[in-house]
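Attaching a single structure in structure tokens format; questions to follow.
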Amino acid sequence: MEATGFPYQQDLKQLVEGEKIVLYLAEKAYIVQLATDEELEKINQGFFIMT
């Protein structure tokens, strides 16, 4: 069995475009999806995107 550094790492690796996953961390829920190239460009320009 391969060790993972993040509790949801395997689930995140299986995401496909348009799919979302709910992660529960410290009793809070987060909705996560794959980032688009446009979103990554905005992040690299100092913007933080939470959708």
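Every number here is computed from the coordinates shown, using simple stated rules; none is lab data. Bear in mind that the values here come from a model prediction, so they are computed numbers and not experimental data. Cβ sites come from the backbone with ideal geometry, for glycine too, and all protein chains shown count toward neighbours.
Figure the gain on full extension for E41 and V16 (residue separation times 0.36 nm, minus the Cα-Cα span) and round it to one decimal in nm.
On the way: separation 25, 0.36 × 25 = 9.00 nm, distance 2.00 nm.
Difference between extended and current length: 7.0 nm.
Sorting check: for 20-26, 7-13, which peptide has the highest mean count of neighbouring beta carbons within 10 Å, and how do the rest follow? Working shown, then result.
Working: 20-26: 10.0, 7-13: 12.0.
With the highest mean Cβ count within 10 Å placed first, the list reads 7-13, 20-26.
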